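*Asks:* Have a look at this one before I ask anything.
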Amino acid sequence: MPRRAIFTEVMDVVERRIAEGDYMLKGLPGERKLAEEVGVSYMTARKAVLKLIEKQVLTRKPNGSLVVHPRMMAGGAVAQVALLTPAYPSPHLLRCRLEITRAAERQGVQLRPVEYVHWYDPVVKEALQGSDGALIIPSTEPLPAPLLKELRTGEHKVVFFDSDFSDQGVPSIRLFARSHITKLLDHLWSLGHRRIDCLNAQGHNDEIGRRIQHWRQWVDHRQGEGVLWDEPAAPFADPISSAHEMMRRVLRDEARKLSAVVCTTQPAALGAVRACHDAGVEVGSDVSICTINNEPTGRFFVPSLTGLEMPRIGPLVERCFAWFAEDDAVWEGDLRVAPEKPDLLRGESTGRARRGWLGHAEPADTSASGAV
């Protein structure tokens, strides 16, 4: 079988890059730059480019620069979307990215994941300028006011994911609304817990701050008790280890006072559960532990982890993709997008409050309670 001509291999490289959105952030290189990148001669790269122009994969602008032919978009992706995510990975982040990618494939959207290290990372601006729209998962670093102001102008189509900047005029997807968190806290109250602590080992961002604030308001509304244990792990650090060390100290100093602990994230809950095991404290019996966002793995732990399960992400982002594909730059309707109903997994990690463990525990209150 004859060997393929080298220029056809160069064509394959360019077409694969187009399919993967590699030229979404930066323009196509010229023939000389392409030759350097692929490791071929200038004439080979030029022949590949001419063939791609002939196939209407590329076209040349009047100034001589190369761009993707409009036919490639018309016959393929309905929109080019950048998914901006913090550079450090986490199970939650990877899960969200996978579900968003699947939703994009179903809607014919070309999704380009872009990792940023900080808000002034050049790739942030490149993603905004080179795409039809951007989904942004915020990092723990506070969003700079100048960037937020730019996003509010409507020059770029942007939706924040797993955070809420709707009060700042930017469409946002909240995976866990206030009413969802209330349902989890009400579950602990119905089990007789009157002291419900909050434990956080996640780096602070607006969403973590909202979860802590809602817990505090709910405890005050119920006239219960609760202590905040808050030691955010540094970026790139392991929140499970941080939560484990924090919970060890809490058990050393407060073991006899603990009743229930709600963790802001699943990693914090995992660290807390392990610390209890190491100290001989039985989770679900001596102390109840739960998490606000429970990854799908939570039901398989021993004990199974009580918490709000991840909602279906597809229906939430599909509306965003449709907006990105439209010519109209105005978002219609409520700026806040959230699942309608919370899914609460009542696992083995929570149980009825023990009188012997917590002297002032009261009988379970199964009456309905309102959201605060």
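The values are calculated or read from the model by the stated rules, or taken from the named source; none is laboratory data. Since the structure is predicted, the reported quantities are computational estimates derived from the model, not experimental observations. Note: ideal-geometry Cβ built from the backbone for every residue, glycine included; neighbour counts use all protein chains shown. Side chains included, ligands, DNA and RNA excluded: accessible areas come from the protein's heavy atoms. Shrake-Rupley method; radii C 1.70, N 1.55, O 1.52, S 1.80 Å.
*Asks:* What does the helix-only formula give at 222 nm for the chain: each DSSP H stretch with n ≥ 4 adding -39500 (n - 2.57), the total divided by the residues, and the result rounded to the nearest 500 deg cm²/dmol?
*Replies:* Only helices count here, giving -12000 deg cm²/dmol.
*Asks:* What is the percent carbon and sulfur in the accessible area of the range 168-312, measuring with a 1.4 Å probe over the protein chains and ignoring ligands?
*Replies:* Carbon and sulfur: 50 percent of the exposed surface of the range 168-312.
*Asks:* Under 24 Å between alpha carbons, and skipping anything fewer than 8 positions from LYS341 in its own chain: which lysines qualify?
*Replies:* LYS183
*Asks:* Sequence neighbours fewer than 8 away in the same chain don't count; with that in mind, list the aspartates and glutamates whose C-alpha is under 18 Å from LYS125.
*Replies:* Excluding near neighbours in sequence, the set is ASP22, GLU115, GLU141, GLU150, GLU155.
*Asks:* Let me ask something additional. Hey, what's the chain come to in accessible area per residue, 1.4 Å probe, Å²?
*Replies:* Solvent-accessible surface per residue comes out at 48 Å².
*Asks:* Decide, for the range 257-323, between rounded, prolate and oblate: order the square roots of the alpha carbon gyration tensor eigenvalues as a ≥ b ≥ c, take rounded if a/c falls under 1.5, and otherwise choose prolate if a/b is larger than b/c, else oblate.
*Replies:* Note, shape of the range 257-323 comes out prolate.
*Asks:* Would you pull out the residues with amide H under 5 Å of PHE161's amide H, same chain only if 5 or more places away, H placed 1.01 Å from N?
*Replies:* So PHE161 has HN proximity to ILE136, ILE137, ILE173.
*Asks:* If I fit a long axis through the Cα atoms of helix 314-325 and take the longest principal axis of the Cα atoms of the chain, what angle between them do I get, 0 to 90°, rounded to 10?
*Replies:* 30 degrees
*Asks:* What residue among ARG211, ARG17, ARG112 has the largest mean-square fluctuation in a Gaussian network model of the chain, using Cα springs under 10 Å?
*Replies:* Evaluated over the chain, the most mobile residue of the options is ARG17.
*Asks:* Relative to the compact-globule scaling 2.2 N^0.38 Å, provide the ratio for the alpha-carbon radius of gyration of the chain.
*Replies:* Working it through for the chain, the quotient is 1.21.
*Asks:* Short version: ³J(HN,Hα) in whole Hz for each residue of the range 121-131, in order, from phi by Karplus 6.51 cos²θ - 1.76 cosθ + 1.60 (θ = phi - 60°), x for Gly and Pro, what are they?
*Replies:* 4, x, 5, 5, 5, 4, 5, 5, 7, x, 10
*Asks:* Taking Cα atoms, how many degrees apart are the long axis of helix 6-19 and the longest axis of the chain, rounded to 10 and kept between 0 and 90?
*Replies:* 40 degrees
*Asks:* Does the range 192-348 come out rounded, prolate or oblate, given a ≥ b ≥ c as the square roots of the eigenvalues of its C-alpha gyration tensor, rounded meaning a/c under 1.5 and, failing that, prolate meaning a/b above b/c?
*Replies:* Verdict is prolate for the range 192-348.
*Asks:* In whole Å, what is the distance between the alpha-carbon centres of the range 9-52 and the range 96-162?
*Replies:* After rounding, the separation between the Cα centres reads 26 Å.
*Asks:* Still on this structure, please answer the following. Among TRP189, LEU251, LEU135, whose Cα lies farthest out toward the positive end of the dipole of the chain, if unit charges sit on the beta carbon of Lys, Arg (+1) and Asp, Glu (-1)?
*Replies:* LEU135
*Asks:* Run the dipole for the chain about the Cα centre, Lys and Arg Cβ at +1, Asp and Glu Cβ at -1, nothing else charged, and hand back the magnitude in debye, nearest 20. Please report the intermediate quantities before stating the final value.
*Replies:* Working: 47 positive and 49 negative charges, 137 e Å.
Magnitude of the dipole: close to 660 debye.
*Asks:* Moving on. Expressed as an acute angle from 0 to 90° and rounded to the nearest 10, what is the orientation of the C-alpha long axis of helix 239-254 relative to the principal long axis of the chain?
*Replies:* 10 degrees
*Asks:* Charges only on Cβ, +1 for Lys and Arg, -1 for Asp and Glu: so what's the dipole of the range 9-165 about the Cα centre, in debye to the nearest 20?
*Replies:* Roughly 540 debye, rounded to the nearest 20.
*Asks:* Would you work out what percent of the accessible area of the range 1-149, with all protein chains in place, is carbon or sulfur (probe 1.4 Å)? Mind dumping the intermediate values first?
*Replies:* On the way: 4450 of 8070 Å².
Carbon and sulfur atoms account for 55 percent of the accessible area of the range 1-149.
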